[in-house]
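Below is one structure, written out as structure tokens; comments come after it.
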Amino acid sequence: MSPRMGLDLPTILQAAAEIADAKGWEEVTLAALAQKLEIRSPSLYNHVDGLSGLRKKLAVYGLDLLYERLVQATAGVSGDDAVRAFARAYLSFARAHPGLYPCTQRAPEERDDAYAQRAEKIVELIVRVLQGYGLQGDEALHTIRGLRSLLHGFALLEKDGGFGLPLDLDASFSLLIDTFLAGIRSLQGRSS
């Protein structure tokens, strides 16, 4: 069976991401995707290896979009400005893609080199953003984990309605990042 004219993997992944963002990650099924694309489900097998294959490719697609946004945000800036730009771009992506974002955080069930490579590119970008602070070894890795945890935690709490008080969320986020930056600066010059 040959693929339908005009149907390609980027089109499939964009449609799957739209379903995820509108209805949630768990609602991305072959049947839902086929319905959205106005095709029969078997046509998808020309492009993906079942639901598991679709979700793996969707995770990679999401990581690619996230990486592009982070690179654009941090181009030409350094130090605190780069960390702030990275953080804002990360949260902006999570807000814009409430269904796609969670799939970027899930490691595939089995080894997936494409996913691992994309995730590594994001880690390398974080390393570049933080390199001006002089952190080395384990201290640098702990700092990267800390930043990722802050960003993911805030994005998840916001998405799930975890901030009930009538305070400006962007102001809270800025304070969180500024506090993180103050912590990084206090580590500068310490040996690991």
Problem set entry | Where N is the number of residues in region 32-130, Cα Rg divided by 2.2 N^0.38 Å | 1.25
Seminar exercise, completed: Dividing the helical contributions, -39500 (n - 2.57) per DSSP H run of n ≥ 4, by the residues of the chain yields a 222 nm value, nearest 500 deg cm²/dmol, of -22500 deg cm²/dmol
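When the accessible area of region 71-144 is computed with all protein chains present and a 1.4 Å probe, what percentage of it is carbon and sulfur? Kindly include the intermediate steps, with their values, before the conclusion.
On the way: 1880 of 3860 Å².
Using a 1.4 Å probe with all protein chains present, region 71-144 comes out at 49 percent carbon and sulfur.
Mind checking the per residue accessible area of region 46-172 for me, 1.4 Å probe, whole number of Å²?
Using a 1.4 Å probe on heavy atoms only, each residue of region 46-172 averages 53 Å².
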Seminar exercise, completed: Taking Cα pairs closer than 8 Å and at least 6 residues apart, the relative contact order of the chain in percent is 22
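For the peptides 122-130, 61-69, 136-144, what is the packing order when you average, over each peptide's residues, the other Cβ atoms within 10 Å and list the highest mean first? Mind dumping the intermediate values first?
Working: 122-130: 16.9, 61-69: 19.8, 136-144: 13.9.
Answer by packing, highest mean first, reads 61-69, 122-130, 136-144.
Are there GluC sites (Glu not before Pro) in region 1-56 that DSSP marks as loop and that have at most 14 other Cβ atoms within 10 Å, and which are they?
Details: sites: Glu18, Glu26, Glu27, Glu38; in loops: Glu38.
When the GluC sites (Glu not before Pro) of region 1-56 are filtered for loop state and at most 14 Cβ neighbours within 10 Å, Glu38 remain.
State the dimensionless ratio Rg/Rh of the chain (Rg: radius of gyration of Cα atoms; Rh: Kirkwood radius). List each step's numbers first, then the result.
Numbers: Rg = 18.9 Å, Rh = 18.2 Å.
Result: Rg/Rh = 1.04.
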Seminar exercise, completed: The rounded separation in angstrom of the Cα centers of region 32-87 and region 124-184 is 22
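The values are calculated or read from the model by the stated rules, or taken from the named source; none is laboratory data. These numbers come from a predicted model, not from an experiment. All Cβ positions, even for glycine, are placed from backbone atoms using ideal geometry, and neighbour counts span all protein chains on display. Surface accessibility is based on the protein's heavy atoms, side chains included, excluding ligands, DNA and RNA. Shrake-Rupley method; radii C 1.70, N 1.55, O 1.52, S 1.80 Å.
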